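One structure below.
The values are calculated or read from the model by the stated rules, or taken from the named source; none is laboratory data. None of these values were measured; they are calculated from a predicted model. Because the Cβ atoms are built from the backbone with ideal geometry, glycine has one as well, and the counts that use them run over all protein chains shown.
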Amino acid sequence: MEVCPFKELMEVEEEICLKMMLWRSLPEWEDLTHQWYQVSLWLGGSTVAYAYGMRKKVRNGEKEEDAKQTKDKTGLSEVSELDVRKVRQVTGEYRGRVNHLMGASEEDQHSDVLFHLDSRISLLEEKLHVLEALTDLALHPRHWQEIDASQSSSLPRALTLAPVDQLALHQHAHALQQVAHIAQIQREWKIGSNK
């Protein structure tokens, strides 16, 4: 019986671990994105009346933890809102996994599953700037009018990720980010002038 060198055994174990990471990551990512597509985004002050009331509490100086409630690792809270910062963090973690998997194997050994996971993560990464712009606390009704005008239609105030896809809002990321940036400057100016 031929004895397998210890080094080769370690390489096989490492390869198995990488494949297990890949095969676990894909269904985890699919589950996370499925959950994220089911909930509303906080939009410029409100999505639903309850969410608006919670935002009002934050603006009136109450603790943000009380207003937004606790979230689990998916970025979802009891108010069925999507925490875009948490989505960005989790997306970054999965991007790190994919980059690690890509770097750990030869380019000609990358599997279709790895390419599929990479493309799915890239699709959400494209939307992150839009999600951050749409959920900016500085947005007021006048900013929403600008956003609606730039889209040639009104965005639903109970916006989920599905309409973000359907309306291809990632193609309008620059315009949306500009409106959010202007809103932030106006908020900072107002805060500065009230001091």
Exercise. Which of (1) charged (D, E, K, R); (2) at pLDDT below 90; (3) in contact with a helix residue (DSSP H, G or I) (Cβ under 8 Å, 6 or more places away or on another chain) does Lys127 not meet, given it meets every other one?
Worked result: (2)
Exercise. If we scan region 75-91, do we find a residue that is modelled with pLDDT of 90 or more, aliphatic (A, V, I, L, M), outside any loop (DSSP other than H, G, I, E, B) and closer than 28 Å to Arg187 by Cβ?
Worked result: yes
Exercise. Looking at region 115-174, which of its residues are touching a residue at least 12 places away in the same chain (Cβ under 8 Å) and of a type in the set (Phe, Trp, Tyr)?
Worked result: Trp144
Exercise. Quick one: Asp31 ticks every box in (1) modelled with pLDDT of 80 or more; (2) over 30 Å from Phe115 (Cα atoms) bar one, so which box is it?
Worked result: (2)
